[in-house]
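Working notes, structure below.
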Protein chains: 2
Amino acid sequence: MNEAKRLVVALGGNALEEKSLPPTAESQLDVVKRTVEYLADLSVKGYELAIAHGNGPQVGRIVLASEAAANVTPAMPFDVCGAMSQGYIGYHIQQALRFALQKRGKNTPVVSLVTQVVVDKNDPAFQKPTKPIGPFYSEEEAKKLQAEKGFSVKEDAGRGWRRVVASPMPKRIVELSAVKELFDTTIVITVGGGGIPVVEREDGILEGVAAVIDKDLAAERLAEDIDADILMILTEVEKVSLNFKKPDQKDLDHITVAEAERYIEEGHFAPGSMLPKVQAAIRFAKSHPGKQAIITSLYKAVDAVEGKAGTVITM
Amino acid sequence: MNEAKRLVVALGGNALEEKSLPPTAESQLDVVKRTVEYLADLSVKGYELAIAHGNGPQVGRIVLASEAAANVTPAMPFDVCGAMSQGYIGYHIQQALRFALQKRGKNTPVVSLVTQVVVDKNDPAFQKPTKPIGPFYSEEEAKKLQAEKGFSVKEDAGRGWRRVVASPMPKRIVELSAVKELFDTTIVITVGGGGIPVVEREDGILEGVAAVIDKDLAAERLAEDIDADILMILTEVEKVSLNFKKPDQKDLDHITVAEAERYIEEGHFAPGSMLPKVQAAIRFAKSHPGKQAIITSLYKAVDAVEGKAGTVITM
């Protein structure tokens, strides 16, 4: 019988790259090698891990390269760029984590699954796309893309025009059965970048769409579906705070879902930043009694599962 | 008890794209949708499938785009381009195959694994790189890349200079345990493009290298390792031939390893084309009594497992 606690870890952007370094694959691999040390420590402590990760900067650069080279070779649609980013980031994590485990005397296998996530084509998010992706355009270029390719475009804070895509809710992880089957023996890297977003047509065909699924919400979906005990969302700060960066900032150790919901109403958490993380945490804590969501930094991940760091959200 | 025959299918280039179509992701998906019909038929006949595939044109275009956009965003190393191509191609195959199965009333899951394949850093292939990758350069540019990045470069039949990489033998599939664990329930897409080539350092670290592993040899390695009954190599022709495209061309139905080896000695099979396929087939047929290798076209795949088409190679 396996009584290990099941842990889904959602890695944020800072786990994959450091802003002070050039955005090369080589420097990503260096950052990933540091990141996986913490994941390996969690594994050694007996947790069964599944790993979700963001892909914002990486898929952004894949889109950039693809568009910039469009005169040489056809540009790739956004869903394919997402699939490519899963291959790229998953490869680095699985290669580095395997070695970090090996150093600790563990030979737990690690593998990345190419993962599609179904979104509802009637999700209201499709009515108001918000996520900027790819390069900046002039107004003229942007309007041309809008007319010719049906892109949604938006002026981005005086810096130029960009394509924007929707951020719909994750409904279903298409490759879930494989994650479940592997989970007891293997560290699975999945729903990279929130998963490749697909919609299900009437006839059952899945079709890739240009959208960005929030990776913390995708990790939450995964954590519920594989009956994880803990959803751990890793970010840049050690704890969730009230009055963040104000003189009266108050860091939170343990909050209930009710408290978290009240803090959201009071506007404590920034949209697109801490807010979706707290929302994902609430959703998981609510999903089943005894479930625990933790928001903390990579560096505090091990302390946090032992109750010595981070912000814990429970029912 | 599961008594289904285990089949490893190696998809060639024509299963993923058609030369008459523009090399876009959209047209690849159309070709893949046609390809998976044959794979779904094999699955319906009760075969357990693992799928290997080539990535030559796709990774070529990823390298092209990456190099052409190097003034916008840093170019990706070749191993990462390979990982990206696994995400790209695997995504299309798993999406399309799942639907083709569903149409046939089967809900067998399909998933792609990001897969590394260990090669020997002392493989003699590293001494004479032969596989051209990426864009054409002028002699001056090529020599500069050689000096600055240590690339091997070669003049390519009067068309310009190109980078060349080695094509070492596949030694070990790093993510093999996951393939094995999934195989009984799930169609696994793995060793895409022959696998991401990695060498194992003394300290156990795996390190990506710029190399191309022959996808048929990688599929053979996989077929041995998962104890497949049949290795099926799909290509453009229905059968292996002697005196190919000559007036006295003779198509082969069933040959023994000894015959195949003699035909190789007689120079019947073109290097880089039919030769590596026959070599992979021989290797598999030799690996264990009763194993069968089949070389045929995609369109004859179902007939071939029933002994009605293709060239069968056995001990």
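Details
- Segment A:146-159: number of residues that are under 24 Å from A:Ile213 (Cα atoms) and modelled with pLDDT of 90 or more: 6
- If you go through segment A:125-152 and pick out every residue that is in contact (Cβ under 8 Å) with a residue 60 or more places away in the chain and part of a strand (DSSP E or B), you end up with 4.
- Scanning segment B:93-109 for residues that are part of a loop (DSSP other than H, G, I, E, B) and at the interface with chain A (Cβ under 10 Å from one of its Cβ atoms) returns B:Asn107, B:Thr108, B:Pro109.
- Matching entry among A:Ala157, A:Ala147, A:Ala142 (being among the hydrophobic types (A, V, I, L, M, F, W, C) and either within 11 Å of chain B (Cβ to nearest Cβ) or open to solvent by less than 50 Å² (accessible area, probe 1.4 Å) (or both)): A:Ala142
- Subset of segment B:12-47 that is in contact with a Ser or Thr (Cβ under 8 Å, 6 or more places away or on another chain) and closer than 17 Å to B:Leu231 by Cα - its residue that is surrounded by the fewest Cβ atoms within 10 Å (Cβ to Cβ): B:Gly12
- Those residues of segment A:274-315 which are among the small types (Gly, Ala, Ser), open to solvent by 20 Å² or more (accessible area, probe 1.4 Å) and assigned to a helix (DSSP H, G or I), in sequence order: A:Ser287
- Among the residues of segment B:259-273, just one is open to solvent by 80 Å² or more (accessible area, probe 1.4 Å) and within 21 Å of the chain's Cα centre (by Cα), namely B:Pro271.
- Enumeration of residues in segment A:168-199 that are within 21 Å of the chain's Cα centre (by Cα) and open to solvent by 40 Å² or more (accessible area, probe 1.4 Å): A:Met169, A:Lys171, A:Arg172, A:Ser177, A:Lys180
- Hits in segment A:150-176 - residues which are within 21 Å of A:His53 (Cβ to Cβ), touching a Pro at 6+ places or on another chain (Cβ under 9 Å) and not hydrophobic (A, V, I, L, M, F, W, C): A:Ser167, A:Pro168, A:Pro170, A:Glu175
- Conditions (1) among the hydrophobic types (A, V, I, L, M, F, W, C); (2) part of a helix (DSSP H, G or I); (3) open to solvent by 10 Å² or more (accessible area, probe 1.4 Å); (4) touching a Ser or Thr at 6+ places or on another chain (Cβ under 8 Å); number of the one not met by B:Met76: (2)
- Failed item in (1) surrounded by fewer than 17 Cβ atoms within 10 Å (Cβ to Cβ); (2) without any contact (Cβ under 8 Å) to a residue 24 or more places away in the chain, with B:Cys81 passing the rest: (1)
- Among the candidates A:Thr256, A:Thr235, the residue that is in contact with a Gly (Cβ under 8 Å, 6 or more places away or on another chain), of a type in the set (S, T, N, Q) and either open to solvent by 30 Å² or more (accessible area, probe 1.4 Å) or away from every other protein chain (no Cβ under 14 Å) (or both) is uniquely A:Thr235.
- Total residues in segment A:48-58, condition open to solvent by 10 Å² or more (accessible area, probe 1.4 Å) and either outside any helix (DSSP H, G or I) or of a type in the set (Val, Ile, Thr) (or both): 3
- Of all residues making up segment B:31-72, the number that are more than 18 Å from the chain's Cα centre (by Cα), more than 13 Å from chain A (Cβ to nearest Cβ) and not aliphatic (A, V, I, L, M): 8
- For first residues located in segment B:17-29 and within 11 Å of another protein chain (Cβ to nearest Cβ), partners that are of a type in the set (Asp, Glu) and open to solvent by 30 Å² or more (accessible area, probe 1.4 Å) and lie 6+ apart or on another chain with Cβ distances below 6 Å form the pairs B:Gln28/B:Glu17.
- Selection status of A:Glu202, of a type outside the set (Gly, Ala, Ser), within 14 Å of chain B (Cβ to nearest Cβ), in a strand (DSSP E or B) and open to solvent by 50 Å² or more (accessible area, probe 1.4 Å): no
- Residues in segment A:241-273 that are assigned to a helix (DSSP H, G or I) and closer than 21 Å to A:Gly307 by Cα: A:Val257, A:Ala258, A:Glu259, A:Ala260.
- Qualifying residues in segment B:110-135 (those that are within 14 Å of chain A (Cβ to nearest Cβ) and in contact with an Asp or Glu (Cβ under 7 Å, 6 or more places away or on another chain)) - the one farthest from B:Leu176 (Cα to Cα): B:Pro135
- Residue satisfying condition, being farther than 24 Å from B:Ile62 by Cα, at pLDDT 95 or above and out of contact with any His (no Cβ under 8 Å at 6 or more places or on another chain), within set B:Leu242, B:Leu182, B:Leu206, B:Leu217: B:Leu182
- Residue in segment B:1-30 that is farthest from B:Ala96 (Cα to Cα), counting only those that are among the charged types (D, E, K, R) and part of a loop (DSSP other than H, G, I, E, B): B:Glu3
- For B:Gln116, the conditions (1) polar (S, T, N, Q); (2) under 19 Å from the mean Cα position of the chain (by Cα); (3) open to solvent by 30 Å² or more (accessible area, probe 1.4 Å) all hold with the exception of (3).
- Of all residues making up segment B:169-182, the number that are closer than 18 Å to B:Gln95 by Cα and more than 10 Å from chain A (Cβ to nearest Cβ): 0
- Screening A:Ile213 with (1) within 14 Å of another protein chain (Cβ to nearest Cβ); (2) part of a loop (DSSP other than H, G, I, E, B); (3) closer than 30 Å to B:Lys33 by Cβ gives one miss only, at (1).
- Residue list for segment B:123-139, restricted to those being farther than 29 Å from B:Lys171 by Cα and modelled with pLDDT of 95 or more: none
- Residues in segment A:205-230 that are open to solvent by 10 Å² or more (accessible area, probe 1.4 Å) and of a type outside the set (Val, Ile, Thr): A:Glu207, A:Gly208, A:Ala210, A:Asp214, A:Lys215, A:Leu217, A:Arg221, A:Glu224, A:Asp225, A:Asp227, A:Asp229.
The values are calculated or read from the model by the stated rules, or taken from the named source; none is laboratory data. Remember, it's a predicted structure, so these values are computed and weren't measured experimentally. Heads up, the Cβs are rebuilt from the backbone with ideal geometry, glycines too, and the neighbour counts pull from every protein chain shown. Keep in mind that these areas ignore ligands, DNA and RNA; they rest on the heavy atoms of the full protein, side chains included. Shrake-Rupley method; radii C 1.70, N 1.55, O 1.52, S 1.80 Å.
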